[in-house]
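Beneath this line is the structure, given in structure tokens, with notes to follow.
The values are calculated or read from the model by the stated rules, or taken from the named source; none is laboratory data. Because the structure is predicted, anything quoted here is derived from the model rather than measured. Every residue, glycine as well, gets a Cβ built from its backbone with ideal geometry; the counts of neighbours run over all protein chains shown.
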Amino acid sequence: MTDDLCTLSATELLALYRKRSLSPVEATRAVLARAERLNPALNCLCLLDEKAALASARASEARWRKSTPIGPVDGVPTSIKDLLLTKGWPTLRGSKAIDSKGPWNDDAPAVARLREQGAVIFGKTTTPEFGWKGVTDNPLTGITRNPWNPKLTPGGSSGGSAAAVASGIGPLTVGTDGGGSIRIPCAFTGLFGLKPSFGRVPAWPLSPFGTVAHVGPMTRTVADAALMLNVLSLPDSRDWFALPPEARDYRVGLEDGVKGLRIAYSANLGYAEVDAEVAALVKAAALRFAELGAWVDETDPGFENPGPTFAIHWFSGAASLLRGLRPAQLRDVDPGLREVAAEGAKIPLLDYLDAVKKRGALGVFMNAFHERYDLLLTPTLPLAAFEAGREVSDVLKEKRWTDWSPFSYPFNLTQQPAASIPCGLTKKGLPVGLQIVGPRYADALVLRAARAFESLQPIARPQTSKLLK
């Protein structure tokens, strides 16, 4: 029964709470037990606070007994990526350079909203150091592993979040995405994840990587992501980039489908190399939107690879991040992060300003593209998960993580909403992701399209029993 509870979505848990056939305490105990069993194999949690979680669950239980829940996620076990401040717990960001003594007196906006709305926050999930790369390992907590195959990476930088939710350690988690860090691990672990429009979810402090960084939900169902976005998008005055609050429920219209939409499908954005098996699964998934009544046109957007533009933004952010560390602290930093920071420190100011202009031009280009097409479909990644503990899949072809993630970072530059949804399994039984990109601010449309696809092709889950052997 304990494991059965861990397979339930947040939406299903809430329905059972409402009927008083399940208690938040029972659900939380099940998640804590599952974490105790699976985290040694996955290393997806860097902090687990059983006492605080059960206290929160008991308070929620009391509210549900009176039929007075304080919010739409009251009693739902939820984890937080260890880049986001969480009051009372250290936020070490996978780094030995941060003093665990704190003080830790603040909740980041996403954490504050979840806590205010009754979520049972039970722990923090692992990340590469300061979230700098697309896989999850760091000098502080080691290597995080994929529940589909623990020899493989879950991706990153929200890899701990992905591994936790995919393995049933809580139905909800908060991720961040500065170049694919929600979508990459969702693709590698078979989850749904949404990088909302920039500013849709308030963030504070601002990421050291600047305005390419977004905060968003990672879940096992699209409905849960819509539910979670209702909470995460609530206002917070600490983020001066935040969008004006939308007076909407993202669950409303979720079942409206895609009939009549104009959808572009690009197999490779015109320049990326894609594994043949991945390409076939993604193309089949894209064509299913025609079954749903959409008009699907196979075409590339037409922009050049913005990898160099993204690298300037990302590497200069890394340089800024490390500039305040003492030499003794720097020695303990991930060598790859030190390398990209060193490259970033050499970027001339005029080159950076030129990259800002190119970023703006790409944004304008995609605005015009979406006057012709409601949505863009691409692979989330050009490959399936590879060996854990490595930054790249092939050292002969790739130097940095951005070399194998060409589909995600363009839409961090443009600040558009983009989601990854599982679209099939490889012959080796590994998940593949379909990316759904919408115009800026069209978060509800992306969710609606993802739900339409999910209705045809429900999300599969890994068999975690093998992790206990």
* Asked: Which one of these is of a type in the set (D, E, K, R) and surrounded by 20 or more Cβ atoms within 10 Å (Cβ to Cβ): 249, 224, 256, 275?
  -> 224
* Asked: Can you find a residue in the range 203-210 that is free of Cβ contacts under 8 Å to residues at least 60 places away in the same chain, among the aliphatic types (A, V, I, L, M) and surrounded by fewer than 24 Cβ atoms within 10 Å (Cβ to Cβ)?
  -> yes
* In this structure, is residue 233 over 27 Å from residue 37 (Cα atoms) and either under 14 Å from the mean Cα position of the chain (by Cα) or of a type in the set (Val, Ile, Thr) (or both)? -> no
* State whether one or more residues within the range 31-49 are out of contact with any Phe, Trp or Tyr (no Cβ under 7 Å at 6 or more places or on another chain), farther than 19 Å from residue 146 by Cα and among the charged types (D, E, K, R). => no
* Structure fact -> Scanning the range 388-410 for residues that are touching a strand residue (DSSP E or B) at 6+ places or on another chain (Cβ under 6 Å) and farther than 18 Å from residue 177 by Cβ, the one surrounded by the fewest Cβ atoms within 10 Å (Cβ to Cβ) turns out to be 389
* Asked: Is the range 89-100 home to any residue that is in contact (Cβ under 8 Å) with a residue 40 or more places away in the chain, assigned to a helix (DSSP H, G or I) and either of a type in the set (Asp, Glu) or farther than 29 Å from residue 151 by Cα (or both)?
  -> no
* To do: Report yes if residue 377 is surrounded by 24 or more Cβ atoms within 10 Å (Cβ to Cβ) and in contact with a strand residue (DSSP E or B) (Cβ under 9 Å, 6 or more places away or on another chain), otherwise no.
  => yes
* Structure fact -> Of (1) within 18 Å of the chain's Cα centre (by Cα); (2) farther than 30 Å from residue 399 by Cβ, residue 101 satisfies every one except (1)
* Is one or more of the residues making up the range 180-187 on the phi > 0 side of the Ramachandran plot and under 12 Å from the mean Cα position of the chain (by Cα)? -> yes
* Are there any pairs with C-beta distances below 9 angstrom linking a residue in the range 138-161 that is more than 17 Å from residue 177 (Cβ to Cβ) and polar (S, T, N, Q) to a residue that is outside any loop (DSSP other than H, G, I, E, B) and modelled with pLDDT under 95, with the two at least 6 apart or on different chains, and if so which? -> 149/466
* Structure fact -> The helices (runs of 4 or more DSSP H) lying wholly within the range 254-338 that contain at least 3 residues that are modelled with pLDDT of 95 or more, among the hydrophobic types (A, V, I, L, M, F, W, C) and under 23 Å from residue 178 (Cα atoms) are 307-322
* **Odd one out for residue 150, checked against (1) within 23 Å of residue 7 (Cα to Cα); (2) crowded, with 24+ Cβ neighbours inside 10 Å; (3) not acidic (Asp, Glu)** => (2)
* Asked: What is the number of the single condition among (1) surrounded by 13 or more Cβ atoms within 10 Å (Cβ to Cβ); (2) more than 24 Å from the chain's Cα centre (by Cα) that residue 323 does not meet?
  -> (1)
* Asked: Just one of the numbered conditions (1) in contact (Cβ under 8 Å) with a residue 60 or more places away in the chain; (2) part of a loop (DSSP other than H, G, I, E, B) is not true of residue 347; which one?
  -> (1)
